[in-house]
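What follows is calculated from the coordinates using simple rules that are stated; it is not laboratory data. If you're wondering where the values come from, they're calculated on a predicted model, not measured in any experiment. Cβ: placed from backbone, ideal geometry, glycine included. Neighbour counts: every protein chain shown.
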Amino acid sequence: MSEKKGIAILGSTGSIGTQALEVLEAYPHYFDLQVITANRNADLLIEQALKYKPNSVVIVDENSYKKVKDALWIEDIHVYCGEEALCQVVESNDVHTVLTALVGYAGLKPTITAINAKKEIALANKETLVVAGELITTLAKEQGVNIYPVDSEHSAIFQCIVGEFHNPIEKIYLTASGGPFRGFTQEQLLKVSKEQALKHPNWSMGAKITIDSATLMNKGLEVIEAKWLFNLKPEQIDVIVHPQSIVHSIVQFEDGSMKAQMGLPDMKLPIQFALTYPDRFKTDFPRFNFMDYPELTFEQPNREVFKNLDLAFYAMEHGGTTACILNATNEIAVDAFLNDKISFSEISQLNHDVVKSAEIITKPVYEDYVSSDSSARQSALNLIQ
């Protein structure tokens, strides 16, 4: 390859971001790290900048700007701060692909900016499509921009349909581990602790997505994301619990044939595929051994106990700003749980109460998403206090 691929990682200090840096480090001949960003984790951002030598860094927290600037001035690394800087750095001519690994709603505006700047998108921030899927996919089509999924389930679907783009999808099955509380009753969920909820059985992730996995909201958000990524109707998407997390998702075609993508639960593989597509680079990742997993099992999720999954389907079917409101409420609910303000079971109840009482805008523009997000957050906070 004559020219390296310039990469911007939005959210480099999170779980996806740190693993993405390891992927880039393994292929210095192919990747050129241009930008890394963090919200508040200045110490890790400084450490990453000193090690990987990007062209620019952004610290969103303005109170940390001086600390980062002072640490990096001698390295000739450009340092910026604030939310607007997130948008500005992705417009650089040296950036080819933007990996959006920000947590939650914060990823929306920088992703829109990157698409308008005609950058390829490696999407790890599912909330961008959950909040404004119609806006994002329409914009990407208009700008001729590809969106490559990083979520393991959506990467699995994408890998299954490579070479099959001319063949319609009949149905997809998104697999879920079931989280740490698989098989629990509603009564048992009333007693679970924050420490229990943060212990995912198979994946190592950040706190927000780990709690979402425990409530099955993460799978619900992935259902909505899948609708927009693959242009599917709600009835074409199903969720099955697969505790071993080996089969990452399945595509069923119109002739009845099914394709599954399998492998050990390691996020570096879908990250790498999104950044190197259509090529597969040789890795030293651990290989799957069937004899280590003599039984792969599947079961239906319990939607009566894990109500967030049904709520996500409700949001997808009702469209407009419904999913935006659900996402905003859930971000407040998870934060409240992590700060010991509400119980685990109250997360789904809070989501239900705000979504079912909210005013839905059926044909939203960008400003409608912003206002709906803000009002939903306030409604959730009012119910918590």
For segment 47-64, in order, what is each residue's ³J(HN,Hα) by Karplus, 6.51 cos²θ - 1.76 cosθ + 1.60 with θ = phi - 60°, in whole Hz (x at glycine and Pro)?
-> 4, 5, 5, 5, 7, 9, 6, x, 6, 9, 10, 10, 10, 5, 5, 5, 5, 9
Segment 175-287 pair-distance distribution - Cα-Cα, 5 Å bins, rounded % | 2, 9, 17, 21, 20, 16, 9, 4, 2, 0
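Give, to the nearest whole percent, the P(r) tail of segment 101-244 beyond 20 angstrom, counting all Cα pairs.
Within segment 101-244, distances greater than 20 Å cover 51 percent of Cα pairs.
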Note, ³J(HN,Hα) from phi for segment 346-353, Karplus 6.51, -1.76, 1.60, rounded to Hz, x at Gly and Pro | 6, 4, 5, 5, 4, 4, 4, 5
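Given Cα pairs under 8 Å that are at least 6 residues apart, what percent is the relative contact order of the chain?
For the chain, the relative contact order is 14 percent.
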5 angstrom amide H check on F31, placed H, neighbours 5+ away = K5
Given a cut-off of under 8 Å on Cα pairs at least six residues apart, what relative contact order in percent is computed for segment 82-151?
-> 32
In terms of the ratio Rg/(2.2 N^0.38 Å) built on C-alpha atoms, what value belongs to segment 262-322?
-> 1.72
If we count other beta carbons within 10 Å of each Cβ, what is the order of Y148, Y314, fewest first?
-> Y314, Y148
In 10 Å bins starting at 0, how do the alpha-carbon pair distances of segment 208-267 split up by percent?
-> 18, 50, 30, 3
Would you list L350, L198 from fewest to most Cβ contacts within 10 Å?
-> L198, L350
Where both partners of a DSSP beta bridge lie in segment 154-302, what percent of those bridges are antiparallel, to the nearest 5?
-> 70
What are the residues whose amide H is under 5 Å from the amide H of V79, where those residues sit 5 or more places off or on another chain and H is modelled from the backbone?
-> V57
So what does log10 I(q)/I(0) come out to for segment 296-363 at q = 0.16, 0.19, 0.20 Å⁻¹, using the Debye formula with one equal point on every Cα and no solvent?
-> -0.57, -0.75, -0.81
Kirkwood Rh over alpha-carbon pairs of the chain plugged into Stokes-Einstein at 20 °C, 1.002 mPa s gives a D in µm²/s of 100
Scattering curve values for segment 335-380, log₁₀ I(q)/I(0), Debye with Cα scatterers, q = 0.19, 0.24, 0.31 Å⁻¹ = -0.67, -0.88, -1.11
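How high is the relative contact order of segment 154-302, in percent, with contacts defined as C-alpha pairs under 8 Å that are six or more residues apart?
35
Sorting F313, F31 on the 10 Å Cβ count, fewest up front, what's the list? Before the final figure, lay out each step's value.
Working: F313 17, F31 21.
In order of increasing Cβ crowding within 10 Å: F313, F31.
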For D94 and R303 in the same chain, what is the full-extension length gain: residue separation times 0.36 nm, less their Cα-Cα distance, in nm?
-> 70.6 nm
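Please compute the alpha carbon radius of gyration of segment 5-149, then divide it by the globular-protein estimate 2.2 N^0.38 Å. Two decimals is fine.
Segment 5-149 yields a ratio of 0.97.
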Cα-centred dipole magnitude for the chain, charges only on beta-carbon of K, R (+1) and D, E (-1), debye, nearest 20 | 280
Selected from I240, N289, Q349, residue furthest toward positive end of dipole (the chain; charges at beta carbon) = N289
